[in-house]
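Student: Submitted below is the structure of interest, expressed as structure tokens.
Just so it is clear, none of the values below were taken in a lab; they were calculated from the coordinates. Note that the structure is predicted; figures quoted are calculated from it, not measured. As a convention, Cβ positions derive from the backbone with ideal geometry for all residues, glycine included, and neighbour counts pool all protein chains shown.
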Amino acid sequence: MLFPRLPRAFARKFHKTENKRERTIQGQFLIPVPSGSVLSDSYPTRVSHGQLMLSHNGTKVLAPVNGVATLTPDQKFFQIKQDGSWSTNSVYKHQSYDVHTMLQAFDDGALASLDLMNTPLKDYFLKFKTNSSFTLILSPFSRYQHLDFEEMTLTSMKEAFHSFVELLNSIFPKADVKNYFEIPDLHYEHPNGIPEYFLHKQFQWDVVKAKKSLQSNEVLYLGAETIYHILRKLYYGEPFTKRHLAVFLVDRKGRMDLEPRQYFLTNGQSLAFIPANMDKRYKIASFDTVFEAIQPMDVQTLGYFNIYEHYSITLYERLPISRKEFSCIDCMECNQYCPTQANPIQLIKGKKEEFDKDKCVSCGICSVYCPAGIDIRKRIEEVLV
Ligand code: SF4
Ligand code: SF4
């Protein structure tokens, strides 16, 4: 370990506490209300955990706790003042489902695919007919973060996982269910969690075919974090009101500490506890991973946890790259590290047509490895628009 560990509370794992009854007073919660949202009630009103608060473009947001919800004067947030205790009793209970009751549970639990952008799970499943043939992938990886949801699932939710696999087989008897859990040789490395890349790697499909199979619903893809929340709803009765936040540290020399750290947080809860519990050297934070465009902020201004946007946070001793872009030095690192041979150097050489945009899975690796600090990711976005 290159630099000091954070306090124990900072690294605690969810399953140490998950199956116990939690009783905590967490105070105020703040939940964004996007414009165009349909509110489920007039506010202020009392809400209880799991109750529908708003719908927006098919996505539902549920009350994360019991309390009194009010709209802020600008109508842009719900403020929930938690009253009394909040209890979670996550004990496995076997339930039988058919396709209708399963989809109803997805809807009631506000479940969304955490692998495909902005896709409510019920709507996603409705694209697949129960009597049709397609490939159904259960991937042990998550799109956005390296947390080991496979291990979490198999450690404390194994029975639920096997019930779910049986359920899928009974609902979709003609589907080819490919379960990649419990395969010892399969290890996570970015970008294995990106669905089209996972298909490209496992089936040796070219990336274009992999993308098409997802778009045309030849493949139903469920990553490990999505599966984790499905199990919580179907077999533990827990709606999607909590999510893991993976925490990474980067020291002043730019070295990243990859030891898995995570919190299991409630939607809308304040993130002020992060700077309060951490080494004061980490002053900068970004909710984006190093493979995305970093949007740095003062660690004291993290605000509130948003279950649909926050899955990872990187804490920096100092801002890593505010350097200028230098000229390309023809080192070819971008091409060498590109996992799909999309030929990103051509974007820098001004030969956009020779960049194979159909092969690009937007993993961000080329930008991370460019020694000249060229934001290749931005050039790719311009081409993909
Ligand atoms: S071009 Fe860059 S972002 Fe696209 S797949 Fe290759 S490394 Fe990833
Ligand atoms: S990694 Fe950067 S400097 Fe090297 S060839 Fe690619 S764009 Fe040029």
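Student: Normalise the Debye intensity by I(0) for the chain, one equal point scatterer per Cα, no solvent, then take log10 at q = 0.06, 0.08 Å⁻¹ and round to two decimals.
Tutor: Cα-only, vacuum Debye calculation for the chain: -0.25, -0.46.
Student: Taking 0.36 nm per intervening residue step and subtracting the Cα-Cα distance, what contour gain separates Lys324 from Asp375 on full extension?
Tutor: 17.4 nm
Student: Between Asp288 and Asp356, what is the label-to-label distance in nm when each label sits 7 Å out along the Cα-to-Cβ direction?
Tutor: Result: 2.7 nm between the two label points.
Student: What size of dipole, in debye to the nearest 20, comes out for the chain about its Cα centre when the only charges are +1 on Lys and Arg C-beta atoms and -1 on Asp and Glu C-beta atoms?
Tutor: Details: 46 positive and 43 negative charges, 167 e Å.
The dipole of the chain has a size of about 800 debye.
Student: Binning at 5 angstrom from zero up to the longest distance, how are the C-alpha pair distances of the range 99-236 distributed in percent?
Tutor: Binned Cα distances yield the sequence 2, 10, 21, 25, 23, 14, 5, 0.
Student: Please report the Cα spread of the range 182-310 along all three principal axes, rounded to whole Å, starting with the longest.
Tutor: 48, 41, 29
Student: Follow-up. Based on the alpha carbon coordinates of the range 232-368, what radius of gyration and maximum Cα-Cα distance (Dmax) apply, in Å?
Tutor: In order Rg, Dmax, the Cα atoms of the range 232-368 give 18.5, 56 Å.
Student: Among bridges DSSP assigns within the range 242-316, what percent are antiparallel (round to 5)?
Tutor: For the range 242-316, the DSSP antiparallel bridge percentage is about 70.
Student: Any idea what the relative contact order of the range 216-343 is, in percent, if you count C-alpha pairs under 8 Å spaced at least 6 apart? The partial results should precede the final answer.
Tutor: On the way: 165 pairs, mean separation 31.1, N = 128.
Dividing the mean separation by the residue count of the range 216-343 yields 24 percent.
Student: State the dimensionless ratio Rg/Rh of the range 333-384 (Rg: radius of gyration of Cα atoms; Rh: Kirkwood radius). It would help to have the intermediate numbers written out before the result.
Tutor: Working: Rg = 9.4 Å, Rh = 10.5 Å.
Value, to two decimals: 0.89.
Student: Here's a follow-up. Of all beta bridges DSSP finds with both residues in the chain, what is the antiparallel percent, to the nearest 5? Kindly include the intermediate steps, with their values, before the conclusion.
Tutor: On the way: 35 of 48 bridges.
Counting only bridges with both partners in the chain, antiparallel ones make up about 75 percent.
Student: Here is a further query. Given H placed 1.01 Å from N in the peptide plane, which residues other than close sequence neighbours of Phe77 have an amide H under 5 Å from its amide H?
Tutor: Here the answer is Val33, Thr72, since their amide H atoms fall under 5 Å of that of Phe77.
Student: What share of all Cα pairs of the range 242-316, in percent, falls into each consecutive 5 Å distance bin?
Tutor: 3, 16, 29, 30, 17, 4, 1
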